[in-house]
Amino acid sequence: MTKLGMGVVGVGAMGTRHAENIRRLIPEAHLIAVADADLARARQVAAELEIEHAYNSVEALVERKDIQAVAIVTPAKFHGAAIKACAHAGKEIFCEKPLTLTVEEADEVLHVTSKAGVRLQPGHVRRYDPAHVRAKKRIEAGEIGDPVLFKSLGRDPSPPPVSYMASGVNGMFFQDSGVHEFDLGRWFMNDEVAELHAYGGVLVFPEAAQFNDIDTALVNMKFSRGTLGAVENYMQAVYGYDIRTEIVGSKGTIMLGYLQQTPELVLTASGTRTDVVDHFLVRFADGYLDEMRDFVRTILADGELKVDGFDGRQAVAVAAAAERSYREGRPVAIPPAARPAKA
Ligand SMILES: NC(=O)c1ccc[n+]([C@@H]2O[C@H](COP(=O)([O-])OP(=O)(O)OC[C@H]3O[C@@H](n4cnc5c(N)ncnc54)[C@H](O)[C@@H]3O)[C@@H](O)[C@H]2O)c1
């Protein structure tokens, strides 16, 4: 079997999961090296995964000729530079969300990857979550008629450590969290967001204010064909990791999301208890594996990615518009953009 030689750049929480999946659960891929700005971390993950090569930069990793594809899982601020380094070295690219922090940089990486003739898949994991995949198929089959309303919420159990915001490398809440919902809206409604009005607040995590960020957001959206959307992001659900989406159509509705992780219910005199999904690595375990497997298989088959750089760019554009709308306190229109012709 021809295996895809791969490297992972940035092996924190998310990158380690991708590296584990590539190393242990995707037989068509061969994890050759990991890299992290923190070399000790790269070495530790390489040792845990029993692979030989660890580097302290994307530039060092892409020098390897036996690596054909790279998963970029650094904080968002470094995505653009890493994508460019991989493209210049002729590597196929998977890059975690958000593709970049600005639309300008997204356009630049689209240009660079297209010129280099390499593929670029953003890590929009919801598109690979089994329930979301089924919902998309039902919509396409016309089961709920024409979609008219998209509603989605993403609630984290608790705010990130202050250092996460202080670092300034992860983007604002709209880029870091909202981007999942924005991509999902485009995908389910099969349309682009044309206009939105975003509200935000620092309501539960006062530390957010000093970094010019927010902990709560509501975004009302209008798609280009006139259908509507509403997105909520909240940092402090307390009870767990809560992801829910509803697509309302002319002939029915699909509701996605669940709180209870395992089918166990404990009933005692003091009440009824269930467990609750508590982490994205738990909720989207299947999605992370399926998206990386699909990336690997598509590259090996020289096929067309299901989700590509333009999708990443469009989600970034919605996040940027949401930030602008929030800061300027008014609705913001999003200029239409055409999907670039395939190279
Ligand atoms: N799809 C999802 O559901 C999901 C969930 C979590 C995180 N993410 C994304 O994954 C990315 C990483 O997030 P994380 O939670 O793993 O962050 P993290 O802070 O846990 O890990 C980031 C790692 O990257 C390393 N790093 C920083 N700058 C680097 C550089 N220039 N070159 C190489 N390594 C560098 C850091 O040392 C660290 O080990 C982000 O883009 C984030 O938005 C996606």
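Numerical summary
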{"item": "Simple spin-label estimate for Arg24 and Glu48 in nanometres, 7 Å along Cα-Cβ", "result": "1.0 nm"}
{"item": "Mean Cα-pair separation over length for the chain, i.e. relative contact order, pairs under 8 Å, 6 or more apart, %", "result": "19 percent"}
{"item": "Residues of the stretch 251-272 with amide N under 15 Å of the 7 Å Cα→Cβ point at Arg138", "result": "251-258"}
{"item": "Gain upon complete extension [Val282, Asn212; 0.36 nm per residue less C-alpha separation]", "result": "22.2 nm"}
{"item": "Entries in Lys3/Lys91; Lys151/Lys251; Lys3/Lys97; Lys151/Lys222; Lys3/Lys65 that, when Cα-Cα distance is taken, lie over 18 Å", "result": "Lys3/Lys97"}
{"item": "Whole-angstrom gap from the stretch 267-298 to the stretch 53-118, using each part's C-alpha centre", "result": "28 Å"}
{"item": "Helix-only [θ]222 nm of the chain, DSSP H runs n ≥ 4, -39500 (n - 2.57) each, per residue, nearest 500", "result": "-10000 deg cm²/dmol"}
{"item": "Where labels lie 7 Å past Cα in the beta-carbon direction, separation of Ser270 and Tyr164 in nm", "result": "3.0 nm"}
{"item": "Distance in nm between pseudo-label sites at Arg225 and Arg327 (7 Å out along the Cβ direction from Cα)", "result": "3.3 nm"}
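No value in this document is a laboratory result; all are computed from the given coordinates. This structure is a prediction, so every number in the text was calculated from the model and none was measured. No Cβ is skipped: glycine too gets one built from the backbone with ideal geometry, and neighbour counts run over all protein chains shown.
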